[in-house]
Amino acid sequence: MIQTYYNLVEEAISALGIPAAETRGPRPGQWNLKKGKFDIMVDVWEQEKQFLFQIVAPICGLPDDNREAFFQHLLNRNYGMSSMAYAVMEETVFVKYTSEANTLTNEIILNLFTKVAFYAEQSDFVPA
């Protein structure tokens, strides 16, 4: 069953004109793409009998100073985002989308690639 979702992701990557085999990560269900200066990472995995899809793009590191204001800035920016959100893991800020894989179509995945690239490009901010 999970192979169906792998195939769907690879079809969408191929539709971008990128050989999907060249983007595969070290483990099944992982792909790494490049859009300008941004990396876009895609994952499909099974968790608690559900298949999940995630697309993330690292944006920047956390600032050394004034983190509270920076986190407030991220929260304020989240409000205006459509289906994506800023997320922090360890010391990195990401644009992130996660959903159940059973909702995916080729068109949705292509739209998500476009959207995450757009938000990544629009996120060229300097921590406050």
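The values are calculated or read from the model by the stated rules, or taken from the named source; none is laboratory data. Keep in mind that this is a model prediction, so the values were computed, not measured. In this analysis, Cβ positions are derived from the backbone assuming ideal geometry, glycine residues included, and neighbour counts consider all displayed protein chains.
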### Summary
Only one of (1) more than 18 Å from Phe113 (Cβ to Cβ); (2) in contact with a helix residue (DSSP H, G or I) (Cβ under 9 Å, 6 or more places away or on another chain) does not apply to Leu33, and that is (1)
### Task
Output the number of the condition that Leu62 fails; it satisfies all remaining conditions of (1) in contact with a Lys or Arg (Cβ under 6 Å, 6 or more places away or on another chain); (2) over 20 Å from Leu8 (Cα atoms).
(1)
### Summary
Result of the Cβ filter at 7 Å on region 8-22, keeping first residues that are more than 16 Å from Asn111 (Cβ to Cβ) and partners that are surrounded by fewer than 18 Cβ atoms within 10 Å (Cβ to Cβ) and not charged (D, E, K, R), at least 6 apart or interchain, is Ala20/Ser14
### Task
Evaluate the following for Met1: is it among the aliphatic types (A, V, I, L, M), exposed (fewer than 11 other Cβ atoms within 10 Å of the Cβ), touching a residue at least 40 places away in the same chain (Cβ under 8 Å) and over 15 Å from Ile109 (Cβ atoms)?
yes
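Here is a yes/no grid of residues against (1) aromatic (Phe, Trp, Tyr); (2) outside any loop (DSSP other than H, G, I, E, B); (3) surrounded by 16 or more Cβ atoms within 10 Å (Cβ to Cβ); (4) in contact with a Leu (Cβ under 7 Å, 6 or more places away or on another chain):
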residue	(1), (2), (3), (4)
Trp31	yes, yes, yes, no
Phe53	yes, yes, yes, yes
Ile59	no, yes, yes, no
Asp64	no, no, no, no
### Task
Could you please give the count of residues in region 26-44 that are under 14 Å from the mean Cα position of the chain (by Cα), touching a residue at least 12 places away in the same chain (Cβ under 8 Å) and at negative phi?
11
### Message
Test of understanding: among Thr114, Thr98, which residue is of a type outside the set (Gly, Ala, Ser), surrounded by fewer than 18 Cβ atoms within 10 Å (Cβ to Cβ), under 13 Å from the mean Cα position of the chain (by Cα) and not in a helix (DSSP H, G or I)?
### Response
Thr98
### Task
State the number of residues belonging to region 34-56 that are under 21 Å from Thr92 (Cβ atoms), at pLDDT 95 or above and not β-branched (Val, Ile, Thr).
6
### Query
Residue check: is Ser82 part of a loop (DSSP other than H, G, I, E, B), under 14 Å from the mean Cα position of the chain (by Cα) and of a type outside the set (D, E, K, R)?
yes
